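Novice: One structure is given below, represented as structure tokens, and several questions about it will come after.
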Amino acid sequence: MNGAGRTTAISLWRDLRFRRFWAGNAVSQFGDRITELALPLIAVSALNASANQVAWLTALIWVPNLLAIFLGAWVDHRARKRRLMIIADLVRAAVLLSVPAAYVWGAVTLGQLYAVALFTGAAGVLFNTAYPPFFVGLVPRASYVEANSKLSASRSASYVAGPAIGGALIQILTAPVTLVVDALTFLASAVLIGRVSVDEPPIAADTTAPSLLRRAREGLALVVRHPVLRASLGCAATVNFFTFLAGSGLTVLFASRNLGLSAGVIGTALGIGATGSVLGALVAPKVSRQFGVGRSIVVGAVLFPAPIAIAAAAGGPLWLRAGALAASQFLSGFGVMLFDVNLNALQTTVIPDGLRSRVAGAYSTINYGVRPVGAVVGGLLATMAGLRATLVIAAVGGALSLLWLLPSPIPRIRSLTPDRTAVG
């Protein structure tokens, strides 16, 4: 029986189908951390790329999200979402393998790296828009929070251990060859997802079906009309914009220039801080059971951005400056997992089955579309007002995302049972 047909909680540890998907997701997450190191290193070391060129390399990965609203509308009218996810994994593997192949022939170019970033980003959008209906077919409603907790925990673990593993592999194999390992992670994900059976209802052939543009508008319209989706998108987009003001690049620059920390100390502090994400993902289900899903989202919305101010206020001896940076990252990581795990589960509960992919696309276009805008504005603010002031603005502005949630039904939602999540 598919997940949508089950409403009682089950132990996901005993669910072979979920374990297979979880394993595939986890291994591809570790692969992503390798790519995040390897692609810029290839651009810098092999092609002498400038800082601006490296920035564009990162930005191009996010650009396809601007078209997610249309891709989601297209995916909603495809019957086999699992097949699309497998195709997305295979595309990413093939695109990544093109780099070491070109490297062997001495033909790597910056244009190729830009294309790799763009196509892997587009394949990621395809995977992410096909994922919500697949998830509903795999996981029973009562296990949404637990499933998101496990998936988020493995993702957080990849941020803790992934850079170290990636760095070691790059040191041993060189950056281009290391991309072979990343490609293999996507192949493993494709194989594991291919072995997960879910019931996928057929899409009825309809010659009068609305156009792609109209379907995209329907997905966006639902987000705008629905009080839970509207408030959650406003909150998430606001917090993403402000936290990207102080994105990882400016945070590292502030730690180095203003706090006077060495690269080793910064790396250690960020590594310690990343464990907060792992802990947050693991305890999110317990917190939501104790205090309610809605209240957990509210707390996470504040705890995610607010600790940036701790780093901004840091001073004193070395141990205190490094400790402030680590504490800031730890609390922020804990907060973002508390926010994400519960909000993802709530959104999965309230979105109608026939609109899941197009809603995911509309949501991604806005939520992820503000990230590069926030990064650009953050650079301008840092130039005009200074790094410390930019971090304070990010902390305060991000915490104000709470204002989207307070008038909405979200704080009053205790659990994900149908009667508690129904809204008028």
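The values are calculated or read from the model by the stated rules, or taken from the named source; none is laboratory data. Fair warning: this is a prediction, and the values are worked out from it, not measured in the lab. All Cβ positions, glycine included, derive from the backbone under ideal geometry; neighbour counts span all protein chains shown. Protein only, heavy atoms only, side chains kept; ligands, DNA and RNA dropped before computing areas. Shrake-Rupley method; radii C 1.70, N 1.55, O 1.52, S 1.80 Å.
Novice: Among (1) surrounded by 24 or more Cβ atoms within 10 Å (Cβ to Cβ); (2) under 30 Å from N48 (Cα atoms); (3) aromatic (F, W, Y), there is one condition Y144 misses while meeting the rest; what is its number?
Specialist: The one condition Y144 does not meet is (2).
Novice: Anything in region 375-386 that is within 15 Å of T243 (Cβ to Cβ) and aliphatic (A, V, I, L, M)? List them, or say none.
Specialist: A375, V376, V377, L381, A382
Novice: Only one of T417, T349, T421 is hydroxyl-bearing (S, T, Y), at pLDDT 85 or above and within 29 Å of A130 (Cβ to Cβ). Can you tell me which?
Specialist: Step by step, each of T417, T349, T421 is checked, and only T349 is hydroxyl-bearing (S, T, Y), at pLDDT 85 or above and within 29 Å of A130 (Cβ to Cβ).
Novice: In region 263-278, what residues are of a type in the set (S, T, N, Q) and crowded, with 21+ Cβ neighbours inside 10 Å?
Specialist: Matches in region 263-278: S277 only.
Novice: Same structure again: Give the number of residues within region 332-387 that are more than 30 Å from S143 (Cβ to Cβ), in contact (Cβ under 8 Å) with a residue 60 or more places away in the chain and β-branched (V, I, T).
Specialist: 3
Novice: Within region 250-262, which residues are open to solvent by 30 Å² or more (accessible area, probe 1.4 Å) and either among the β-branched types (V, I, T) or touching a residue at least 12 places away in the same chain (Cβ under 8 Å) (or both)?
Specialist: Step one: list which residues in region 250-262 are open to solvent by 30 Å² or more (accessible area, probe 1.4 Å), which gives 250, 252-253, 256-258, 260, 262.
Once the filter is applied, which keeps residues that are open to solvent by 30 Å² or more (accessible area, probe 1.4 Å) and either among the β-branched types (V, I, T) or touching a residue at least 12 places away in the same chain (Cβ under 8 Å) (or both), region 250-262 yields L250, V252, L253, R257, N258, G260.
Novice: What are the pairs with Cβ atoms under 6 angstrom where one residue, in region 231-243, is closer than 16 Å to I351 by Cβ and the other, located anywhere, is at pLDDT 95 or above and open to solvent by 20 Å² or more (accessible area, probe 1.4 Å)? Sequence gap at least six, or different chains.
Specialist: A231/W404
Novice: Counting only residues that are hydrophobic (A, V, I, L, M, F, W, C) and closer than 26 Å to P40 by Cβ, give me the helices (runs of 4 or more DSSP H) lying completely in region 213-319 with at least 3 of them. Steps first, please.
Specialist: On the way: elements: 227-245, 248-257, 263-291, 293-303, 308-312.
Counting at least 3 such residues, we get 227-245, 248-257, 263-291.
Novice: Considering only region 106-125, state which residues are open to solvent by 30 Å² or more (accessible area, probe 1.4 Å) and over 27 Å from I69 (Cβ atoms).
Specialist: Within region 106-125, the first condition is being open to solvent by 30 Å² or more (accessible area, probe 1.4 Å), and the residues that meet it are 106-107, 109-112, 114-115, 118-119, 122.
Those that are open to solvent by 30 Å² or more (accessible area, probe 1.4 Å) and over 27 Å from I69 (Cβ atoms): G106, A107, T109, L110, G111, Q112.
Novice: List every residue pair whose Cβ atoms sit under 8 Å apart, with the two residues 6 or more apart in sequence or on different chains, where the first one lies in region 56-67 and is closer than 14 Å to L113 by Cβ and the second, anywhere, is open to solvent by 80 Å² or more (accessible area, probe 1.4 Å) and not acidic (D, E).
Specialist: none
Novice: Regarding S401, is this residue open to solvent by 10 Å² or more (accessible area, probe 1.4 Å) and of a type in the set (S, T, N, Q)? Spell out how you get there, then give the answer.
Specialist: Details: open to solvent by 10 Å² or more (accessible area, probe 1.4 Å): no; of a type in the set (S, T, N, Q): yes.
Here the answer is no, as S401 does not meet what is asked.
Novice: Oh, and also: Kindly indicate whether any position in region 35-54 is within 28 Å of R195 (Cβ to Cβ), open to solvent by less than 60 Å² (accessible area, probe 1.4 Å) and of a type in the set (S, T, N, Q).
Specialist: yes
Novice: If you don't mind, there's one more thing I want to ask. I'd like the residue in region 177-197 that is of a type outside the set (A, V, I, L, M, F, W, C) and part of a helix (DSSP H, G or I) and, out of all such residues, is most open to solvent (accessible area, probe 1.4 Å).
Specialist: Narrowing region 177-197 to residues of a type outside the set (A, V, I, L, M, F, W, C): 178, 182, 185, 189, 194-195, 197.
Checking which are part of a helix (DSSP H, G or I) leaves us with 178, 182, 185, 189, 194.
Values: T178: 0, D182: 0, T185: 14, S189: 2, G194: 37 Å².
This residue is G194.
Novice: To continue, here is another question. Which residue is nearest to G397 (Cα to Cα), if the candidates are limited to region 292-343 and must be open to solvent by 10 Å² or more (accessible area, probe 1.4 Å) and polar (S, T, N, Q)?
Specialist: Selected residue: S332.
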